[in-house]
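Q: I'd like to ask you about the structure that follows.
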Amino acid sequence: MADGSLLAASLGELRSEADLLARDGLPPLNDLRPTIALTRGLIDLFTDGRDRRAIRAVAFAQQVLDRSLERHPGKRVACTKGCSHCCANFIAASIPEVLAVAAQVRAQSAGGHIALDERLSQAVSDGRDWAGARRATITMPCPLLVDHACSVYPGRPLACRGYASTEVAVCIRALTDPAVTIPTPNSYVFFRTRITTALWAALKAVGLPYVSYDLNRALVVALAEPDVERRWLAGEDVFAEVTVDRTRPPDVEPFLDQLIAEARGRS
């Protein structure tokens, strides 16, 4: 679940539509109005001028995704704590999501932080093209795993929150056969896509980078650089050397522009 204290503080000044989204999530309908409302709520959070607003904005998006899946889960998933077969793939995340993960890491004990630093160092030293088109053929255990469980579960990225399987046996086969397709419920794909797109649109609307980055490499930067969130929000390209995910289709741009225009009442 997203950080409740941050979310409560964030929602106090948002429109009632954002309150409803945080409480009920998105409906499983091809109606853009809830996604437009989500985009508007995220823009409000990114522009409210308060500290940690990037982390608060992504906490809102995470809350909406969690609520959406709780209310409309679709097919029953087979995922349980300790089932980490899918946690071996490339993860792309926006910078607010990276900052949320970094905040979770900083809240851990010093010993846990040192162990993670070692696993991250090993992961980023891998020279394979994780962000390219052949990334599905590459597997490596996520450095955030501890005893096969996510050590930053409350702050995990949207890609992880919205990824699930109905059959564990298929996930196991996929570890050695990249041609295997994980049976993810349609509801997970739908909500993950809508909410991620709303986040991208809000970032674009406020003039912040709205691409996704290699989570591991971006996390190394976020943990090493002082005052990283404030600097990034001020326009400094703190993550300039981090690999950008190159698989996002270009035709998403008109949809982002539509969401921005509708959210700002310029349709």
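Quick note: the coordinates plus some simple rules give every number you see, no bench work behind them. All values derive from a computational prediction rather than experimental measurement. Quick reminder, even Gly has a Cβ in these numbers, built from the backbone with ideal geometry, and neighbours come from all protein chains shown.
Q: Once you put a point 7 Å from the Cα of Glu17 and another 7 Å from the Cα of Asn30, both along the Cβ direction, what distance in nm separates them?
A: Using points 7 Å along Cα→Cβ, the separation is 2.1 nm.
Q: Where is the GNM fluctuation largest for the chain (alpha-carbon springs, 10 angstrom cutoff): Glu229, Glu97, Glu253?
A: Its mean-square fluctuation being the largest, the pick is Glu253.
Q: Moving on. Most mobile of Asp177, Asp24, Asp44 per a Gaussian network model of the chain (Cα springs, under 10 Å)?
A: Asp177
Q: Continuing with the same structure: Give, in nm to one decimal, the length gained when the segment between Ile182 and Glu118 is fully stretched (0.36 nm per residue of separation minus the Cα-Cα distance).
A: In short, 20.0 nm is gained.
Q: Something else: Per-residue counts of other Cβ atoms within 10 Å, averaged by peptide: what ranking do you get for 205-217, 142-154, highest first?
A: Going from most to least packed, we get 205-217, 142-154.
Q: Compute the length gained on full extension between Glu225 and Thr80: take 0.36 nm times their separation in residues and subtract their Cα-Cα distance, giving the result in nm to one decimal.
A: Using 0.36 nm per residue and subtracting the Cα-Cα distance, I get 48.8 nm.
Q: Something else about it: Given R₀ = 25 Å, what would the calculated FRET efficiency be for Val189 paired with Val168, taking r from the Cβ atoms and rounding to 0.05?
A: My answer for the efficiency is 0.85.
Q: For a quick check, take a GNM of the chain with Cα springs below 10 Å and name the residue from Asp66, Asp19, Asp126 with the largest mean-square fluctuation.
A: Asp126
Q: Per residue and in Å³, how big is the convex hull formed by the alpha-carbon atoms of the chain?
A: 127
Q: What list of ³J(HN,Hα) couplings, whole Hz, do you get for the stretch 201-212 from phi and the Karplus terms 6.51, -1.76, 1.60, once you set θ to phi - 60° and write x for glycine and proline?
A: Per residue, the Karplus-derived 3J(HN,Hα) values read 4, 5, 4, 4, 4, 9, x, 9, x, 10, 8, 10 Hz.
Q: Work through the residues other than Asp227 whose Cβ is under 11 Å from its Cβ and net out their charges, Lys, Arg +1 and Asp, Glu -1.
A: -2
Q: Kindly put Glu225, Glu262 in sequence by how many other C-beta atoms sit within 10 Å of each C-beta, fewest to most.
A: Glu225, Glu262
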